[in-house]
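Notes follow the structure.
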Amino acid sequence: MDLSLVSLLLAVLIGCVRGDHLHHEYCVLGAGPAGLQMGYFLSKAKRDYIILERNSGPGSFFTRYPRHRKLISINKVHTGRRNREFNLRHDWNSLLSHKPDLLFKSVSGEFYPPADAFPLYLSLFVKRVGLRVQYGVDIGRIRAAQSATGRSYILTDQNASEYTCSVLLVATGLWVPQTVDFVGSDLVEGYESISTNPEDYRDQAVLILGKGNSAFETAQSILGRASRVHMLSSSPVRLAWQTHYVGDLRAVNNDLLDTYQLKSLDGLVEARVEKIVITKRKEQSKRKTGAKTKEQKTKLYLTLKKYLQKKQEGANSSDVTGEELPGYHIDNFPTRKPYDRVIRCLGFRFNFSIFDSDNAKGRLPAVTAWYEGKNTPNLFVLGTAAHSRDYRSSAGGFVHGFRYTVRAVHHVLEHRYHSNPWPSRTLLTTQLQSWILKRVGEASGPYQMFEVLGDVVLLRGDHCEYVEEFPVQALAHFSALSGHEVSGHGLLVLVMQYGKNKIDYLGRRRAETDWTKAFKSNFLHPVLYYYDTLPTEEEMHVRPHGWSLPRPKALHHMVEDFLTEWDGPMSHVQPLRRFLEHCVQTDLRAFYAESCFRSSLTHRKPPLFCQHGYLKRQGVARSNRLSLHIHDAGPRPDQQEARTSETDPAFPNYLAQAGASITSGLKLDL
C-alpha cells in the first residue's frame, strides 16, 4: 500500500479518536447536577448531544466542597406519603427521571447527608440512565461562529481539539472563589485552601470575612478549638427561616449566633471588606524562659483604610504604626485585638475567562427569563450559574430548584428547534378545579420554584389547556416559547408565593387561618392570577414592586395551610370554585344525579357539570342509591382517554390514578 495513503488513514483515525473536529446538535458544558439533568432530557428526546466534563467524574465540585463535608440540602426520606411528586418537595438532592427508585436516598438516608454521597449519586444517575459524558475535556475557550443555519459555538479543549455545536448549554456552576482586593488581602487564607482539622486552630483568634453558609460552616467547625471567632461583612446575618431563601444562613450552621448573643467571646461585626486593611506586626514584648527570651508570634491586625497615613511607594501592608491601628482612635474598637488567622469565605463566582466576550463580567451571567444568555443566542445557562434570575428570591441556585428550571429550558429547546409545543393536557372546564387542587397539594416544581415557575391555564370555553411549570417572568413571550396561543377567554396563572409583610416569624400571629383574609397569608400559599389578555412586556416591566406578575383582572389567594395540602372544603375548595366561576362565567358546582334531572326539567341550559355528565349518560352512578355522589363529569365521547377496569368510565384516568380530590366542597341543589 502507498505510504502516503497509510499516513492519511492514520491521520483520519487519530483525528476520530482525539475528537479534533466534532459536531453535535447540543453541547452540555459540565457534568454537575444541572448538566446531567439536561443530558437526561436530551437523551430521552433522542437528541444529538454530548456532555463535556473537565474532571474524571461527575459532580467534581462536591468532591471538595463544602470543605467540612456536610450538605445542607434536606434529604427527608420519611414523609408518610407514597406520592412521588409530593415527596420531591422534601428531597432536595434527587434529579428528575422516569425511574422511581433512582433517588438520592439510595445512597444516603441522613437528613443532612455527607458531601461524598452526592458524586456517588450522580455517578449512579449517569450509569442508570445511560448518559453520554466525555470526561477529561477541559474547555479553555468558547467562541461564536456564524453559519448558514445561524450562530453556532466552537469549544476548544486543552489538546486543541474543537467541538462545534448548534446549541451550547452551560452548566459549569460557580466554582471560582470570590475575592475582594484590599490592602493586606495577600495575608488572608481562602476557604478553598484552609485546613479543615479543628486542632490546627487550637487557642487561636480567627477573623472570618463573610457571613454566608461557607463562613458559618467554617466557624462551626472551629468553635470548640479557637480562642475567639469574629465574622465580618458589610451586611448583617440573614437567616433562611426569616427570608425563605435557602442560600441564607441555615440553622444547621448557626451555633456562633448562640455564642455571640450569650457573650462567649465570639461575635459579628459589619464593615465593607474593601475598606478594611489587614496588617501584620510582631509583638515588641518578650517572654522570659529561664535565661532566654522568646519573641511572640507574628499577629494580624485589622484596621481601616481611612486610618492609614500616606506612605512612600513600595511600602507593604506590614509597615504600619501604632497610630494607624483602630485602637489608637477608638479605644473600644470591636476588633482592636490581634488575630492569628484571617480567612476569606465570600462564596464563588462564574468562570467568564473561557468566553470570547467583552460583556463577561460580574459574579453571575446575565440571562433572559427563559435562561438564554443575553446577546448570546443559542447559548443557555443552566443550574446555579443561572441564579441571577431569582437570586435571593427563590431556589434556582440549588438542585431542588434548578432541576425544574432545566426541564423548562428543555421545553423551550424542543419548541424552538424541533417544533414540539410545551407539554399540556386538555381538561374539561368542570375538571379544572380538581386539577388545580391536585397540583397545589402535591406538585414539587412550583412549590420549590415559588414565584418563578407557574402553571398557565388557557381557557377555551367548555375546556382548557393546562400548561405546567412555565417561567412566569417570560409570560409576555408565552406563545413564542410554548407554541400555545391564548384565546379570547383569557388565561389563569397559578404560582406559589410567600406573604410580603415583615412579621415575627415565630410570633403568635405568624399564620393566617381565616379564608376571608387569605391575602394576608404569610407562609407559602397558592395564588391565582386571571388575565383576559396576555400581559405585555411593558406590563411585566412596570409590575408592582415585589410582585412576580403584573396586576391581573382578578386575583385569588388560597389561605395558607399548616399541612400544605389546601384541601379544606370551606377554607380552600369553595373559595377557589367561586373564583373560577367568576373567571369562566360558568357554574362549576358538582351535582347529584337527581339534581341534574331536576335542572334538565326546569332550565333551558343546565349547569356545565350536568351537560358533560348526566345529560350524556355519563353522570349516573352505578348504584340505585341517589345519595351516591357523582364526583366529577367525564370527558365527552370524543375526548375519552385510556381507562382502567377499576374506575368509573366517566372518571378521567389520570385523575383516578392520582387519587385527586375532586369534590367541590359544596353539594348544593338548585
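Points worth noting:
- Residue ID - most open to solvent (accessible area, probe 1.4 Å), chosen from residues in the range 262-277 that are touching a residue at least 12 places away in the same chain (Cβ under 8 Å) and out of contact with any strand residue (DSSP E or B) (no Cβ under 8 Å at 6 or more places or on another chain): R272
- Verdict on R82 being surrounded by fewer than 20 Cβ atoms within 10 Å (Cβ to Cβ) and either under 20 Å from the mean Cα position of the chain (by Cα) or in a loop (DSSP other than H, G, I, E, B) (or both): yes
- Matching option when the condition is open to solvent by 20 Å² or more (accessible area, probe 1.4 Å), closer than 28 Å to G483 by Cβ and either out of contact with any Pro (no Cβ under 6 Å at 6 or more places or on another chain) or among the polar types (S, T, N, Q) (or both), among A366, A395, A386: A366
- Looking only at the range 48-68, and only at residues there that are over 20 Å from the mean Cα position of the chain (by Cα) and free of Cβ contacts under 8 Å to residues at least 60 places away in the same chain, the one that is nearest to C165 (Cα to Cα): D48
- Residue in the range 98-107 that is farther than 30 Å from L563 by Cβ, buried (at least 16 other Cβ atoms within 10 Å of the Cβ) and touching a residue at least 24 places away in the same chain (Cβ under 8 Å) present: no
- Yes/no for L268 being part of a helix (DSSP H, G or I) and not basic (K, R): no
- Whenever a residue of the range 391-418 is more than 23 Å from S94 (Cβ to Cβ), its partners that are in a helix (DSSP H, G or I) and open to solvent by less than 10 Å² (accessible area, probe 1.4 Å), lying with C-beta atoms within less than 8 angstrom and at least six residues away or across chains, give the pairs H415/S482.
- Filtering the range 304-316 for residues that are open to solvent by 20 Å² or more (accessible area, probe 1.4 Å), modelled with pLDDT of 90 or more and out of contact with any Phe, Trp or Tyr (no Cβ under 7 Å at 6 or more places or on another chain) leaves a non-empty set.
- Scope the range 134-144; condition under 28 Å from H415 (Cα atoms) and open to solvent by 30 Å² or more (accessible area, probe 1.4 Å); matching residues: Q134, R143, A144
The values are calculated or read from the model by the stated rules, or taken from the named source; none is laboratory data. Everything quoted here is computed from the prediction, not taken from an experiment. FYI the Cβ positions are ideal-geometry reconstructions off the backbone, even for glycines, and counts take in every protein chain you see. Ligands, DNA and RNA are stripped out before the accessible areas are found, and what is left, the full protein with its side chains, is counted by its heavy atoms. Shrake-Rupley method; radii C 1.70, N 1.55, O 1.52, S 1.80 Å.
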